[in-house]
1. Return the residues of region 34-61 that are modelled with pLDDT under 80 and among the β-branched types (Val, Ile, Thr); say none if nothing qualifies.
2. Let me confirm something: among Ala98, Ala106, which residue is closer than 17 Å to Asn121 by Cβ, among the aliphatic types (A, V, I, L, M) and modelled with pLDDT of 85 or more?
3. Scanning region 40-74 for residues that are of a type outside the set (A, V, I, L, M), farther than 13 Å from Pro103 by Cα and touching a residue at least 60 places away in the same chain (Cβ under 8 Å), which turns out surrounded by the fewest Cβ atoms within 10 Å (Cβ to Cβ)?
Amino acid sequence: MDNKGISVLESLIDAIPKQDEDHDWWPDNLVDAFYKTEKYLDSDYDPNIGFYWSCLPEWANEYIAMNRQGFWTCYGMKPKMIEWTGIWMPPTSSLIPAPTIPPEYAPKNFKGSWEESKFKNPNK
């Protein structure tokens, strides 16, 4: 790889949010971070799907969606459906993976199919 390619790669890596004491919401720590969270706000509760938006990290609380296997993920940008894979994906410009929401925190009242499962945070 030439110097220009290395420079572009380094700038992309630098753009990814880093884990620090104030932002422990990186996918490796996501489950631990959900367990530590105690900031549920009643105003962030969506009774239609049975979900507290405030349990999500700030950088990934704009949308949620369920994949074909029933796992919920959270996004900081509008995801797009990849039908043949059965999953929702962040926009192609995003290098940040979509974190899985642990089942204890996932929506409880959603009864539809995965294709109908994309929801936007009503507070955004």
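The values are calculated or read from the model by the stated rules, or taken from the named source; none is laboratory data. Fair warning: this is a prediction, and the values are worked out from it, not measured in the lab. Here the Cβ positions follow ideal geometry from the backbone for every residue, glycine too, while neighbour counts run over all protein chains shown.
1. Of everything in region 34-61, just one residue is modelled with pLDDT under 80 and among the β-branched types (Val, Ile, Thr), namely Thr37.
2. Within the list Ala98, Ala106, the selection yields Ala106.
3. Pro47
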